[in-house]
Amino acid sequence: MRGLTAWPLLPLAGLSLVTACSEDAAPTPDIVAIPAVAETESVGTVGDDAADDPAIWRNPDDPSQSLIIGTDKKAGIHVYDLQGRQKSFLAAEAVNNIDIRTVSTASGDVILVGASDRRDREVPRLALYTLDSENAALVPLANTVIGIGEAYGFCFGVLGADDLRAMIITKEGSIIEMSVTLSDGAPSIEVQRTFKVETQAEGCVVDDRTGMLYVGEENVGIWSYDLRRPDPKPLRFAVLAEGELVADVEGLALAPDGERGGYLLASSQGNNSFAIYDLPSGQFRTRFIVEDGVIDTVSDTDGIELMLGDFGPDYSGGIFVAQDGDNGDNTQNFKFLSWDAILQALNL
């Protein structure tokens, strides 16, 4: 286990191009390898697939004191600082994917954290927490049964003022959309509608600017739904293609730009890379891997997250976080990359 590590941002001269190929397949196009800046301490579960999905909270008063939240789906939820040091841990039986939004209430802003709870494989649960940012700790708020199936993916979305939505994706492909309101600290949760993809799905993200929900169907590709329509229909956003996106499609993240532009990033688990698509067109742009260097490479990635903005000198344009499925010594953790370094390396 590499343990806690934080390193200065490596010069872009350290970036490299590699060619992926095998004896049974023709070489794929060159792909840019980008180094990680830091990594978290490993999650507590050893010898099992445990670390899963990250979320990012940006401290508006001091961005360098922002926090990364990561799930151990066998044990609970970790809170880390930007150096990867664990600040707190909350035991939870089987939380999977996680997301975060700041909600305005009559008594002030609440940092709301939501997660898919799969403790019961037949009944999905929505787990809600508040983030005590001063103490870098989660406080349980509610745990509610939602529909049927095994809870898997999760994401928040904001469709308008005071219109917070929560999306649970079941392993069977159901997409359960809920409205979430907070009153006097107590949440009110109401199922609004349910969509369906044909096979196993997990990763999801909502573009709060446009109301578009993006869902990864693991062995098919990425779908989009316009949540501002009364009856959203699935639109094919991206399909599996050699050299672009291969199964399993896992975590999704957004890099918004302007009113509708920017990028969608997807974890292409089958080839240990990250695919980047234009918004809103879905045109494939490029892909990258995390190279092996001072900090080890990233592979078998489940969840990813990206947040733009200033996070201090190492992440002045934003931070990208990826779960690492093989951190050595039978452990898993999360790796941090500079968004500016990714943009520059890929000429985006």
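Laboratory data are not the source of any read-out in this text; all were calculated from the coordinates shown. Source: prediction; values computed, not measured. Heads up, the Cβs are rebuilt from the backbone with ideal geometry, glycines too, and the neighbour counts pull from every protein chain shown.
Of interest is the spacing of the C-alpha centroids, which for the range 58-120 and the range 297-348 amounts to 17 Å.
Here the chain has an Rg and Dmax of 18.7, 62 Å, counting Cα atoms alone. Structure shown: which of K196/K335; K87/K335; K73/K233; K74/K171 lie over 25 Å apart, alpha-carbon to alpha-carbon? Going by Cα-Cα distance, K196/K335; K73/K233 fall outside the 25 Å limit. Model label sites at E190 and S88, defined 7 Å from Cα along the beta-carbon direction, differ in position by 3.1 nm.
Over the residues of the chain, the helix contribution to mean residue ellipticity at 222 nm works out to -500 deg cm²/dmol, using -39500 (n - 2.57) for each DSSP H run of at least 4. Each peptide among 270-281, 35-46 gets the average number of other Cβ atoms lying within 10 Å of its residues, and from highest to lowest they stand as 35-46, 270-281.
What the Cβ-Cβ distance of N143 and R228 gives, at R0 = 35 Å and to the nearest 0.05, is a FRET efficiency of 0.75. If R0 is 25 Å, the Cβ-Cβ spacing of D292 and D61 corresponds to a FRET efficiency of close to 0.10.
Extension gain for R236 to Q283 (0.36 nm times residue separation, less C-alpha to C-alpha distance): 15.8 nm. Distance between the pseudo-spin-label points of D48 and A161 (7 Å out from Cα toward the beta carbon): 4.7 nm. Each label was represented as a point 7 Å from its Cα along the Cα-to-Cβ direction; for D132 and D120 these points are 2.9 nm apart.
Highest mean packing comes first when the peptides 203-210, 294-301, 307-314, 182-189 are listed by Cβ atoms within 10 Å, giving 203-210, 294-301, 307-314, 182-189.
Would you mind telling me the antiparallel percentage of the DSSP bridges in the chain, rounded to 5? Roughly 95 percent of the DSSP beta bridges within the chain come out antiparallel.
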